[in-house]
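Remarks on the structure that follows.
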Amino acid sequence: MKSMSIFQRITNLFAKKQEIEKEIATLQNSCKHIKKSVKAVRENVDSTSPVIRWVCDECSSILGYPSEWDKNNFFKE
């Protein structure tokens with residue numbers, strides 16, 4: 001069996017990544033987001049600095065912006 005070229009391997013990995021991202025989005029959209037916490041997360045894949053957001057404990061979806069009071073309590077922990 002001939003080994004795959006780097007281009008073919010990368011193309012396959014991008015296809016798998018797209019499939020996984022689609023499945024994650026489907027699961028997050030079906031989640032009821034019953035329990036949430038204030039967490040430090042990367043808002044975008046390209047982000048290097050974390051941001052403080054409300055995040056669903058079940059599906060890890062970013063739900064919103066915490067108040068100043070919530071942020072202060074987060075930093076006390």
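Here is a yes/no grid of residues against (1) in contact (Cβ under 8 Å) with a residue 24 or more places away in the chain; (2) assigned to a strand (DSSP E or B); (3) on the phi < 0 side of the Ramachandran plot; (4) surrounded by 10 or more Cβ atoms within 10 Å (Cβ to Cβ):
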residue: GLN8; (1), (2), (3), (4): no, no, yes, yes
residue: HIS33; (1), (2), (3), (4): yes, no, no, yes
residue: SER49; (1), (2), (3), (4): no, no, yes, no
residue: ILE52; (1), (2), (3), (4): no, yes, yes, yes
residue: CYS59; (1), (2), (3), (4): yes, no, yes, yes
residue: PHE74; (1), (2), (3), (4): yes, no, yes, yes
Over segment 10-31, the set of residues part of a helix (DSSP H, G or I) and surrounded by 11 or more Cβ atoms within 10 Å (Cβ to Cβ) is ILE10, THR11, ASN12, GLU21, ILE24, ALA25, LEU27, GLN28
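Taken together, the values in this text are just the output of simple stated rules run on the coordinates, not laboratory data. Here the structure is a predicted model, which is why all the values come from computation and not from measurement. For neighbour counting, all protein chains shown are included, and Cβ atoms are generated from backbone atoms with ideal geometry for every residue, glycine included.
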